[in-house]
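The values are calculated or read from the model by the stated rules, or taken from the named source; none is laboratory data. From a predicted model like this one, the values you see are computed outputs, not experimental measurements. Positions of Cβ are backbone-derived with ideal geometry, glycine not excepted, and every protein chain shown enters the neighbour counts. Surface areas here come from the heavy atoms of the whole protein model, side chains and all, with no ligands, DNA or RNA. Shrake-Rupley method; radii C 1.70, N 1.55, O 1.52, S 1.80 Å.
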Amino acid sequence: MKLIETIRNIWKIEELKTRLLTTLGFVAIYRLGSYVVLPGIDPSQLASLQHQTREGVMGLLDMFSGGAFSNASIMALGIMPYISASIIVQLLGMAIPYFQRLQREGESGRRKINQITRYLTVVILFFQAPSYMVNLRMQAPDAFIYTGWWFTLSSTIILTAGTMFVMWLGERITDKGIGNGISMLIMVGIIARLPFAIVAEFISRLEESGGLVMLLIEIVILFFVFCGTILLVQGVRRIPVQYAKRIVGNKQYGGVRQYIPLKINAAGVMPIIFAQAIVFLPVTFVGFVDSEAASGFVATFANFTGFWYNFIFAMLIILFTYFYTAVTINPTQMADDMKRNGGFIPGIKPGKKTVEYLDTIMSRITLPGSFFLATIAILPAFAQIAGIDKSFGQFYGGTSLLILVGVVLDTLQQIESHLLMRHYDGLLKSGRIKGRGGR
């Protein structure tokens with residue numbers, strides 16, 4: 001079988017085998033850490049907190065942390081504070097010359113930006129960790145074995161250290177393992193909730209007449225949403241580039257036509273993660289209030305199925321898609337590279353006209369891509385309104401599905417690159433796997 005042969009080939013490559021085992025080891029440490037409860041907290045008294053995290057924004061936070069949030073774990077805040085810090089730093093890169101200069105300094109600038117992001121993450125954690133403790137006290141007051149300001153301070157330090165340790169695990173996976181470490185840890189947290197979500201939906205459908213038929217229909221719909229997400233991640237628009245004639249020795253070679261693949265969703269899953277982090281902020285900074293007790297502005301962002309929550313969420317995704325595409329795709333540099341190599345787009349003059357043409361093409365293909373991305377993001381709300389179990393409905397789109405598809409494709413692409421580099425067959429017979437960052 002093709003699968004068995006591929007596994008054998010992977011096992012033959014010592015470097016790839018080591019990277020896979022290293023990744024699995026770090027993931028196992030992350031999963032074990034999500035069950036280590038904060039010192040001074042009785043885990044048997046967390047039923048109210050676990051009930052709170054079954055729906056709404058709290059459910060999303062718990063999903064991203066792999067259940068650590070509802071377990072009152074030392075890693076309860078997960079990786080979201082780091083993502084929030086990354087958003088702030090990237091926004092500063094558009095407005096402050098110092099950050100713009102760091103972005104142009106290459107590897108040294110990237111290291112400085114990463115260091116600033118870590119410091120900012122610590123600052124955010126010193127706000128979010130006490131808020132988490134306030135919410136925990138509101139939801140499960142009997143769970144506190146100790147009380148007082150010293151206990152709150154020590155718990156804040158532990159929660160901060162837990163998130164920083166998760167960041168360290170993600171960086172080690174990126175350096176020593178396979179795939180992007182931060183995205184990998186988020187994906188693992190999401191997958192950890194999938195079996196429980198399927199069981200919960202199966203039980204709820206058994207209690208209804210004709211429930212198994214509805215369950216089958218739900219699975220079919222989920223399959224089509226999954227396929228549409230793959231098309232969004234892998235979709236490209238090819239622009240032909242004609243290279244000039246070359247004379248080598250006494251032989252003249254004609255023009256060579258190649259293509260520049262511009263992705264429909266060049267920003268990948270980052271816009272939806274950034275938008276999700278922003279809509280989390282109003283709730284997390286006021287103490288993780290319950291949606292039923294909240295009012296006004298906070299209630300809007302605590303109501304996961306509400307109109308304004310999903311409308312603002314979708315608008316943020318569209319804006320961040322354009323922002324992140326502008327950061328990652330530089331039409332001026334692409335035009336300069338083509339001109340330097342003697343290339344041009346047929347019918348378009350080199351230089352400024354080429355830059356304008358590439359910018360127009362990116363704007364046109366980014367618009368439908370951003371709307372499709374926003375539509376997938378708010379599909380879980382429609383799934384819950386249609387009566388699907390809240391935990392299972394999270395997999396009908398949104399951040400969870402996009403991260404699953406994107407991270408899996410990126411990881412498989414890296415594995416395939418290792419196989420092809422050693423002259424083994426790839427993972428697919430039909431062609432190369434294209435990840436989110438594939439060009």
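Cross-link partners of K349 among aspartates and glutamates, defined as those whose alpha carbon lies under 16 angstrom from its own and excluding same-chain residues fewer than eight positions apart: D336, D337, D359. Under 5 Å from the amide H of V241 lie the amide H atoms of Q258, Y259, I260, each residue being 5 or more positions distant or on a separate chain, with H modelled from the backbone and absent for Pro and chain starts.
May I ask you to order 65-72, 388-395 by the average number of other C-beta atoms within 10 Å around their residues, highest value first? Could you put the intermediate results ahead of the total?
On the way: 65-72: 25.6, 388-395: 23.6.
Top to bottom by mean Cβ count within 10 Å: 65-72, 388-395.
Cross-link partners for K17 among the aspartates and glutamates, with Cα-Cα distance under 14 Å and sequence neighbours closer than 8 places in the same chain left out: E416.
3J(HN,Hα) along segment 66-81, derived from phi through the Karplus expression 6.51 cos²θ - 1.76 cosθ + 1.60 where θ = phi - 60°, amounts to x, x, 5, 4, 6, 8, 6, 7, 5, 10, 4, 7, x, 9, 4, x Hz, with x in place of Gly and Pro.
When only DSSP loop residues count, what trypsin sites (Lys or Arg not before Pro) in segment 56-155 have their Cβ near at most 10 other Cβ atoms within 10 Å?
Values: sites: R101, R104, R110, R111, K112, R118, R137; in loops: R104.
Passing both the DSSP loop test and the Cβ count: R104.
Near the amide H of I41, within less than 5 Å, lie the amide hydrogens of I145, all on another chain or at least 5 residues away, with H placed in the peptide plane. Sorting L231, L21, L373, L409 by solvent-accessible area of protein heavy atoms yields L231, L21, L409, L373, largest first, with a 1.4 Å probe. The listed residues L38, L367, once ranked by accessible area (1.4 Å probe) with the largest placed first, stand as L367, L38.
Among the listed pairs K263/K353; K112/K339; K12/K263; K263/K352; K112/K176; K12/K176, a Cα-Cα separation exceeding 26 Å is found for K112/K339; K12/K263.
Computed with a 1.4 Å probe over protein heavy atoms only, the accessible area of Y98 comes to about 100 Å². Computed over protein heavy atoms with a 1.4 angstrom probe, the accessible surface ordering of L404, L216, L419, largest first, is L216, L404, L419.
Under 1.5 on a/c is rounded, so check that first for segment 62-101, then, if it is not, pick prolate when a/b is larger than b/c and oblate when it is not; a ≥ b ≥ c are the square roots of the alpha carbon gyration tensor eigenvalues. Prolate is the answer for segment 62-101, as a/c is 1.5 or above and a/b outweighs b/c.
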